[in-house]
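Structure first, commentary second.
The values are calculated or read from the model by the stated rules, or taken from the named source; none is laboratory data. Because the structure is a prediction, the values reported are computed rather than measured. In this analysis, Cβ positions are derived from the backbone assuming ideal geometry, glycine residues included, and neighbour counts consider all displayed protein chains. To get the accessible areas, we keep the full protein, side chains included, count just its heavy atoms, and leave off ligands, DNA and RNA. Shrake-Rupley method; radii C 1.70, N 1.55, O 1.52, S 1.80 Å.
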Amino acid sequence: TTLTTVGYGDVSAGTMAEQMFSIATMMIGVTWYAFMVSSVSSIMASFDQSSEKEAKKRESLSQFIRTHKISQDLSRKMNKYLELQLLTIHPAHEEDTMEFLDELALPASLHAKVIL
């Protein structure tokens with residue numbers, strides 16, 4: 001009742017105009033409250049999606065490194081570069097290996113070492 005009323009009964013709408021004004025004010029308040037709650041919920045959901053995409057990207061890189069038996073030194077450089085990329089962009093998950101490397105946008109020298 002606190003969110004939808006103007007008090008706790010000590011002041012009430014007496015005339016029809018006051019009742020209509022109270023109803024309209026309550027409807028606006030409820031609508032605004034619902035809008036704010038849904039906005040906060042949407043923002044929180046988008047944060048969750050971003051972190052899920054980042055986790056998938058990290059897992060893809062780890063799997064790529066294991067599958068292709070990349071050296072520890074090179075894999076550390078790749079992981080470091082991925083973390084730097086994730087700080088600035090939020091890329092999507094790719095299935096294809098070459099597409100993954102292109103999206104990762106490794107420097108040419110590092111990209112050549114990975115392909116070899």
field: Failed item in (1) of a type in the set (Val, Ile, Thr); (2) open to solvent by 100 Å² or more (accessible area, probe 1.4 Å); (3) under 17 Å from Leu104 (Cβ atoms), with Ile70 passing the rest
entry: (2)
query: Just a yes or no: is a residue in the stretch 84-97 hydroxyl-bearing (Ser, Thr, Tyr), open to solvent by less than 80 Å² (accessible area, probe 1.4 Å), over 23 Å from the mean Cα position of the chain (by Cα) and modelled with pLDDT under 80?
result: yes
- prompt: What is the residue count in the stretch 43-67 for residues that are of a type outside the set (D, E, K, R) and surrounded by 14 or more Cβ atoms within 10 Å (Cβ to Cβ)?
  reply: 5
- request: Quick one: Glu103 ticks every box in (1) modelled with pLDDT of 75 or more; (2) within 20 Å of the chain's Cα centre (by Cα) except a single one, so which number is it?
  value: (1)
